[in-house]
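Colleague: For reference, the structure I am asking about is given below.
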Amino acid sequence: MTNLTSAVVLAFLVECLVNGIKYIYNDIFWVYMQYKDKKQSKKTETNHYVIAFQKKLYARLLAIILGICLSIFTEVSIMEFFNINITFFDSKQFENLNKILEYIITGLIISRGSNALYDLIKRIKSFDFKKEAEKSDDGINIDSSSVQNEE
C-alpha cells in the first residue's frame with residue numbers, strides 16, 4: 001500500500017475511533033451529571049455552551065493525539081508520497097527528528113478525518129501544473145496560439 005492509501009485508511013480509522021470514544025464519553029458524562037444532581041438534591045444551572053465547547057475540544061485533542069500516534073507507529077508519511085523532504089535538521093545525527101516531523105505533519109492531516117484528506121487529494125489532482133509551468137518569471141502567461149511561425 002502506498003503512503004497516501006495508508007493515510008486515507010488511518011484517517012478513516014481515527015474518525016471511527018474518535019466517534020466511538022465520543023459516544024462513551026457522552027454516556028459517562030450523562031451518568032456523572034445525573035449523580036451530581038442527585039447528590040446536591042437540586043437541579044444546578046449548567047452552561048451548555050461551555051459543556052459543548054469542552055466536548056468538542058476533547059474530541060479534537062483526541063483526534064490529534066490518535067492521528068500523530070498512528071502516523072508515528074505505522075511510519076506513514078504523506079510527505080514521502082509527494083517527495084517532499086523535511087530538512088529542518090541538516091545533520092545526519094538528527095535525521096530521525098526530520099522523519100518524526102514528517103509523521104507529526106501527517107498525523108495532523110490524518111486527525112482532520114478522511115473527508116479533509118479526500119479534499120486535499122482532490123485539490124492536488126485538480127491543480128493545473130501545465131498552466132503553472134507556462135507562467136514566466138514575470139508572471140505573464142505564454143500563450144502558444146499567439147506565437148506565429150515566420151517561414
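The values are calculated or read from the model by the stated rules, or taken from the named source; none is laboratory data. In this text, all values refer to a predicted model and were calculated from it rather than measured experimentally. Reconstructed Cβ throughout: ideal geometry from the backbone, glycine too, with neighbour counts over all protein chains shown.
Colleague: How many residues are closer than 18 Å to C16 by Cβ and out of contact with any Leu (no Cβ under 9 Å at 6 or more places or on another chain) when one looks only at the range 91-107?
Modeller: 0
Colleague: Could you list all residues from the range 77-115 that are surrounded by fewer than 20 Cβ atoms within 10 Å (Cβ to Cβ) and closer than 18 Å to T5 by Cβ?
Modeller: M79, E80, F81, F82, N83, I84, I105, I109, R112, G113, S114, N115
Colleague: For the range 77-133, what are the residues that are aromatic (F, W, Y), assigned to a helix (DSSP H, G or I) and modelled with pLDDT of 75 or more?
Modeller: Listed by number, the residues that qualify are F81, F94, Y103, Y118.
Colleague: State all residues of the range 66-76 that are surrounded by 13 or more Cβ atoms within 10 Å (Cβ to Cβ) and not in a loop (DSSP other than H, G, I, E, B); if no residue qualifies, say none.
Modeller: Hits for the range 66-76 are L66, G67, I68, C69, L70, S71, I72, T74.
Colleague: Among (1) at pLDDT 85 or above; (2) of a type outside the set (G, A, S); (3) surrounded by 11 or more Cβ atoms within 10 Å (Cβ to Cβ), where does I24 come up short?
Modeller: With respect to (1) at pLDDT 85 or above; (2) of a type outside the set (G, A, S); (3) surrounded by 11 or more Cβ atoms within 10 Å (Cβ to Cβ), I24 is out only on (3).
Colleague: Check off (1) surrounded by fewer than 16 Cβ atoms within 10 Å (Cβ to Cβ); (2) free of Cβ contacts under 8 Å to residues at least 40 places away in the same chain; (3) under 25 Å from V14 (Cβ atoms) for Y118 and give me the number that stays unchecked.
Modeller: Here Y118 clears every test but (2).
Colleague: Taking the criterion of being exposed (fewer than 15 other Cβ atoms within 10 Å of the Cβ), modelled with pLDDT of 80 or more and within 18 Å of the chain's Cα centre (by Cα), would at least one residue in the range 39-55 satisfy it?
Modeller: no
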